[in-house]
Amino acid sequence: MGEVLAVSLRRSARAATLLALLAVAGCGSDTSKTEGSQIALGVAKSLKSKMFSRKAAAPATPDPEKLAQAALKSFEGPIILAQLESSGLLTVLGEYGRNGAVRTYSTPNEQTLVLRDGLLIATRGLGKDLMSSETGEVAGLILARQAGNGRHVYRYLDGEDIERPLPMECSVTSGAAKSYSFAGTSHATVEMAETCRSADGRTVTNSYWVTGSGLVALSRQWIGPGLGYVTIQTVRP
Amino acid sequence: MRGTMITGLGAASGIAIAAVMAYAEPSLDYSAGTFGLPGLIDMPTAESAPEGMINASVFRFEGALRITATFQVTDRLSGAFRYSRVPGIFTNGSALYDRSFDVQYRLLDEAGWRPAVAIGLRDFIGTGIYSGEYIVASKTLTPRLRATAGLGWGRLGSHGDIGSPFGTRPALNFGQGGKANTDQWFRGPAAPFFGLAWAATDKLTLKAEYSSDGYPSETAAGTFSRDSSVNFGAEYRFNKSASLSAYYLYGSEVGLQFNLTLDPRRPPAPSGLETAPLPVRPRPAYAADPGAWATDWTEDPEVRPGIQTALAKALAKDGQVLESMALSATSVEVRIRNQRYLSQPQAVGRTARALTRALPPSVETFVITSMTEGMPASSVTLSRSDIERLESEESAEILRTARFSDPAAVADPGLVPSPGVYPRFVWSLAPYGEASVFDPDDPLRADFGLKLSGKYELRPGLVAAGSIRKKLIGNLDDSTRTSDSTVYHVRSDLVEYQKQGDPGIDNLTLAWYSRPAPNLYGRVTVGLLERMYGGVSGELLWKPVDSRLALGVEVNQVKQRDFDTLFTFRDYEATTGHVSAYYDFGHGFLGQVDVGRYLLGDWGATVTLDREFANGWKVGAYATFTDLSSADFGEGSFDKGVRLTIPVAWTTGKPSVNKVSTTIKPLNRDGGARLEVDGRLYETIRSTHQGDQQVQWGRFWR
């Protein structure tokens, strides 16, 4: 009974807003006919918000340690914690798929980071995604905590949706030792820095804090020109 | 790119880059002249926009209003379409509203001491008010300064000429306009012009020119006085796409111009705002778990329906409809209708990954068949091992293993339809707008209203569809313009339909799509086919899945509808139809030739050329030539127009199969008029065929 009531209430509320919305937005199950007007509405809304912007209060940054602890309790598989520097988005990701050495981790909103041996090789659902990467020689150096040179190829879709490689020449150097504890696990790591340069002069630096057993416990990695850097912490390997 | 890179490098280096930029020498970019194409002010330059760029400009001064759209067709070839108003040009003091086309071709690039050289034709198929030809050279003297000099004929040779090097210019056979004025090109007096453009800053470009345009008609009409040949201009760029130019023209007038540049390769939203695909689930190695690879599941009658239900559910979440499935111990065929992704490979790629999670390990061959309008249009065959192996590799790797084929070539695929897919009903209630922009009496009239549409698919390929519109507000019915066409008004009574068709039925049809044989596609549509015609339309298309060439035949028997666009007809019946050839030239160029009989009974051909980008943008132009005399055709002499298609996903970054299309047709006349029927086969199936899928394959792993 209660459910029926809720449904009919929702219906009447919808009916009330329907007429108001209809004139601008369109409705129905055939998106090929309604989408155009919905875009027009979206553009109008974004213009309005730009013109009359009231700064929304910045959401409180959640405590990474608490997020990690909560995730450990609610999810049984491997977990990472990631923060996108460009947007500030901080989120936990649970392992979603595994193919050989490749692990796909997903946010609750079904956006994914794909890691191979701790090195970020792809993203999905973020927009301007990293399609795939080749990390061959540098991955070996980083995991073995050895200095050396190698090639790191990033691939993206260009503005026309054609896949384009961004090859980079990289040098891997070993830095300071660092021991820390996070989410109930302590890690003894050495910082490995991977500095990469493309033919057009773009330079990026990826940092990996690697344990003696070759686990990338913490890293700051470049996703690409559109998304910038992401910091990834291992919560449960 | 530069802006986003700064965020990636962090604030400190961002400031460093900004500092470098502030001190860096500004370099001179191309900029639009008052005729829209790259130029100084009224004079052209030998510059070109980058390939694929679209520019729209509005220029206004005492002597003219010019609204121009330009497109950089290839690296060297530029085209422009213009709508202009020249006030007071006629003896009775009324203004000339005119449409014109320009082309420019860059013959030589700058190299060493050599300048860039271009040749161009202005207003070469219009009524000729702006007709002129030129050859022009531009040379970059310093990174900030570019000089241009050229020689102009026609209008561009109307002031300060140096004689007629290629003989006299025959008088313009004004006639009905619209024909290429070939006998005039580069004839008559030639006059030199020159000028400079200087990038004062990154945002501000200053220009000066000596104009060889005498504005003969305008000065004769007395609407404008030409006191000097020297013009000055300043262009300020707000950002990469918008700029404003101000001019001091001919010693007497001030002009303003607004420019908007659109780059189809630079979407306003980041692509890929969608949920991530399901990851591939690899199978256990055979040696590790031979039991998992057993095939005895085929004997269990519960397994196949269970898999089909689970798969349909997973695909539905991703905007795909699993229409039917055929499953054996070692292979599967799924027939999917893609309702979400503009790029068919993305739909195929996501389906392939879902299959790795749904099927027993013994199933090694995946056949993913794309359905459009209930027709199986193409199959992609992939091996499951390759999908497992190549998930994190370059998309070209999996493309090398993919095999495209025609599903109609398989005799009995043993498909089991998914329950509940047919019949299927979708509807929509959405606003519509209809504008008339080329009405010389009032250049902008428009109607807005609501349109109710419905589509009912009874079984695969059998579709009933209809839509009704009701105007809410508008002034299209204020138009007093009546068609002056001397032939039967097969199209030119549009104003009557706009006035009386409220409410009106846009279309109400029953269509049947089929695959009569391998490589063949069929369509029969009956009912109220379009706003002005009802009847029967039949089409047959030959298009092998891997062919660049397609051939089609269409025959229609139609009757003209009454102006009230309800169920009654006027007393005009026509048999119209075409034989069509379509060819994909590669590099994004698509050509089409239709030869046949048009609505008026005139015989002729339509030639269409489109430039299609991998992301779905399309810019094209068409022209129709028929045996109707240009006198009978009336103003414009023959039918021509430009068309533009923009994918919705490009503007939002969110996945969508929808596109917004528009055809800009300068005149709506009766000659060379084609029936407009929904669901023509080539465009219906093309995106699923090998050529298009290869172009868009970069999204397979998206």
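The values are calculated or read from the model by the stated rules, or taken from the named source; none is laboratory data. Note that the structure is a prediction, hence the values are computed from the model and not measured. Here Cβ is always computed from backbone atoms with ideal geometry, including for glycine, and neighbour counts include all displayed protein chains.
Points to keep in mind about this one:
- Within region B:283-309, being outside any loop (DSSP other than H, G, I, E, B), of a type in the set (D, E, K, R) and surrounded by 13 or more Cβ atoms within 10 Å (Cβ to Cβ) holds for one residue alone: B:304.
- Only one entry in B:212, B:245, B:241, B:271 is within 14 Å of another protein chain (Cβ to nearest Cβ), of a type in the set (S, T, N, Q) and surrounded by 22 or more Cβ atoms within 10 Å (Cβ to Cβ), namely B:271.
- Every residue from region A:110-159 that is of a type in the set (Gly, Ala, Ser) and either over 21 Å from residue A:99 (Cβ atoms) or not assigned by TED's automatic domain parsing to the domain that holds residue A:210 (or both): A:127, A:144, A:147, A:148, A:150, A:159
- Where residue A:193 falls short, out of the listed (1) among the small types (Gly, Ala, Ser); (2) within 14 Å of chain B (Cβ to nearest Cβ); (3) assigned to a strand (DSSP E or B); (4) farther than 22 Å from residue B:280 by Cα: (2)
- Residue B:362 satisfies every condition listed in (1) more than 14 Å from chain A (Cβ to nearest Cβ); (2) over 24 Å from residue A:162 (Cα atoms); (3) polar (S, T, N, Q); (4) in a helix (DSSP H, G or I) except (4).
- Residues in region A:195-214 that are in contact with a helix residue (DSSP H, G or I) (Cβ under 6 Å, 6 or more places away or on another chain) and hydroxyl-bearing (Ser, Thr, Tyr): A:208 alone.
- Failed criterion for residue B:223 (all others in (1) out of contact with any Gly (no Cβ under 9 Å at 6 or more places or on another chain); (2) buried (at least 16 other Cβ atoms within 10 Å of the Cβ); (3) not charged (D, E, K, R) hold): (1)
- Residue in region B:658-702 that is nearest to residue B:277 (Cα to Cα), counting only those that are charged (D, E, K, R) and more than 14 Å from chain A (Cβ to nearest Cβ): B:686
- Number of the exception - residue B:439 against (1) more than 14 Å from chain A (Cβ to nearest Cβ); (2) modelled with pLDDT under 90; (3) in a strand (DSSP E or B): (3)
- Region B:458-488, residues that are part of a strand (DSSP E or B), surrounded by 13 or more Cβ atoms within 10 Å (Cβ to Cβ) and β-branched (Val, Ile, Thr): B:463, B:468
- Residue match in region A:168-179 (condition: crowded, with 18+ Cβ neighbours inside 10 Å and within 14 Å of chain B (Cβ to nearest Cβ)): yes
- Filter result for residue B:113 (at pLDDT 90 or above and over 24 Å from residue B:100 (Cα atoms)): yes
- Any hit, region B:253-267, residues being more than 24 Å from residue B:656 (Cβ to Cβ), among the β-branched types (Val, Ile, Thr), over 35 Å from the mean Cα position of the chain (by Cα) and surrounded by 16 or more Cβ atoms within 10 Å (Cβ to Cβ): no
- Out of B:334, B:280, B:321, one residue alone is closer than 22 Å to residue B:655 by Cβ, assigned to a strand (DSSP E or B), within 14 Å of chain A (Cβ to nearest Cβ) and touching a residue at least 12 places away in the same chain (Cβ under 8 Å). It is B:321.
- Candidate set: region A:105-131, residues that are within 23 Å of residue A:164 (Cβ to Cβ) and of a type in the set (Val, Ile, Thr); chosen: the one surrounded by the most Cβ atoms within 10 Å (Cβ to Cβ): A:114
- Flag if residue A:143 is crowded, with 16+ Cβ neighbours inside 10 Å, in contact (Cβ under 8 Å) with a residue 60 or more places away in the chain, out of contact with any Asp or Glu (no Cβ under 9 Å at 6 or more places or on another chain) and not hydroxyl-bearing (Ser, Thr, Tyr): no
- Residue in region B:628-638 that is within 26 Å of residue B:529 (Cβ to Cβ) and within 19 Å of the chain's Cα centre (by Cα) present: no
- Listed by position, the strands (runs of 3 or more DSSP E) inside region B:83-197 whose residues that are free of Cβ contacts under 8 Å to residues at least 40 places away in the same chain and aliphatic (A, V, I, L, M) number at least 2 are B:96-108, B:132-142.
- Answer from B:312, B:316 - the residue that is within 37 Å of the chain's Cα centre (by Cα) and either free of Cβ contacts under 8 Å to residues at least 40 places away in the same chain or assigned to a loop (DSSP other than H, G, I, E, B) (or both): B:316
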